[in-house]
1. Which order, highest average first, do 292-302, 347-357 follow once you tally other Cβ atoms within 10 Å for each residue and take the mean per peptide?
2. So, taking all protein chains as they sit and a 1.4 Å probe, how much accessible area belongs to SER266, in Å² rounded to tens?
3. How would you order 55-66, 123-134 from highest to lowest mean count of nearby Cβ atoms within 10 Å?
4. Run through all the Cα pairs of segment 334-380 and give the fraction in each 5 Å bin from 0, expressed as whole percent.
5. I need the P(r) histogram for the chain: all alpha carbon pairs, bin width 10 Å from 0 out to the longest distance, whole percents.
6. Can you compute the modelled spin-label distance between ARG136 and VAL11, with each label point 7 Å from Cα toward Cβ, in nm?
7. Which value, in nm² and rounded to one decimal, describes the direction-averaged projected area of the C-alpha convex hull of segment 245-320?
8. What does segment 99-146 give for Rg and for Dmax, in Å, if only its C-alpha atoms count?
Amino acid sequence: PSGWGRPAPRVKDYFWVAEDGLKMQGYNGSQCWDTSFYAQALVESRLAGVWGETAEKIYAFLDDTQIYCTSEARDSPGYVYERPEERELCFRHVSEGGWPFSTSAHGWPISDCTGEGLKAALALSDYVKPGIEAGRVREITFDRLCKAVNVILTLQNPDGGFATYENNRGYRWYEWLNPSEVFGDIMIDYSYVECSMASLTALAEFSERYPKHRRGEVEVALKRGQRFMRSLQRPDGSWYGSWACCFCYGTWFGVEGLVSCGAGPSDSAVVKACDFLKSKQADNGGWGEDFRSCYNKSYAESGAERYGDSQGACVVNTAWALLALIKGGQGASPEVERGVKYLMDRQLPNGDWRQEGISGVFNRSCGIMYTAYRNVFPMWALGRYREFQGGKEWN
């Protein structure tokens, strides 16, 4: 096809009819993002060895999706524009080695997607060795891992944080020129707690396995990143989440990032964050927010009441809160035990959890359903709790 007919085959990637009406998305999906989280949940829950075929399929997907790192991708017409002189001409950031939000067809490297993709590849690497040796999957080589690290290091901003697609290239007053009537904070790319945590934890995990590669740069990046994350913490101990609803999400990223950068359970920032989450727990053991947290920038009490349960809690926010609390050294607390029981009680007989509403957001006002979240994060939280308990069954 030519002209207007060329994009027609891809329309189904963006529009479809779901059980509750017509859906539209701004990307061709969130496959890489969701899959990277699932891979880490699988490993931390000690299920990657049990479901070996699944682990290999995920690894193969990550292999295919890493930007300009396969022979097929480098044979594409777009690879010529990855040359330094072409990137400089068009003010484009380096792409090779990053991971995108969705698939290789998306092709834009994003800091947090690259970080989560790198962590997923590292986490699965020990479980897919038999598949690599047997020729079932292709190895994501050390050289390719280093390219991902390069993308992450070059995306760190002067403030120590990480933005999404590119470095900060302007000033906040540019928002006065914002032509959009519905989106906020879109004129420049800001540093976010989520992008910073994903990037920093990826650097930390990579450095633990390969301590000699760009060691000095990685250590400096981790120190600067930790200072930035501390600077974003609110007086009440929370972090504002810019890419999901909202404070449970942001606070999980904040705690995960600080602890992975060396902060301990007694660190004042970690303690404040855990205290904040404990204070928001519903009587039934769950946590819940809705979209109002994002645009009001304050915790929406009983926020999930319309689509979660009668006390305003829901499974996704509960899972985020539990991941943060256990990472922050609160695994033995009664709040965690009650939260775990809440997730177990809400699970359906077939193993699924009910879709309870919009979990994600971007630019303050646009909601994203993220249907995979209702399974990925509860499973991850339960797996983390089980490992905290020493791998014992918990009733």
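1. So the order, starting with the most tightly packed, is 292-302, 347-357.
2. Accessible area, nearest 10 Å²: 110 Å².
3. Highest mean packing first, the order is 55-66, 123-134.
4. Spelled out per bin, shortest first, that is 5, 19, 24, 21, 15, 11, 5, 1.
5. 5, 22, 34, 27, 11, 2, 0
6. 4.0 nm
7. Details: hull surface 19.6 nm².
Averaging across all directions leaves 4.9 nm² for the Cα convex hull.
8. 11.9, 33
The values are calculated or read from the model by the stated rules, or taken from the named source; none is laboratory data. Since the structure is predicted, the reported quantities are computational estimates derived from the model, not experimental observations. Cβ coordinates were reconstructed from backbone atoms using ideal geometry, including for glycine residues, and neighbour counts include every protein chain displayed. Surface accessibility is based on the protein's heavy atoms, side chains included, excluding ligands, DNA and RNA. Shrake-Rupley method; radii C 1.70, N 1.55, O 1.52, S 1.80 Å.
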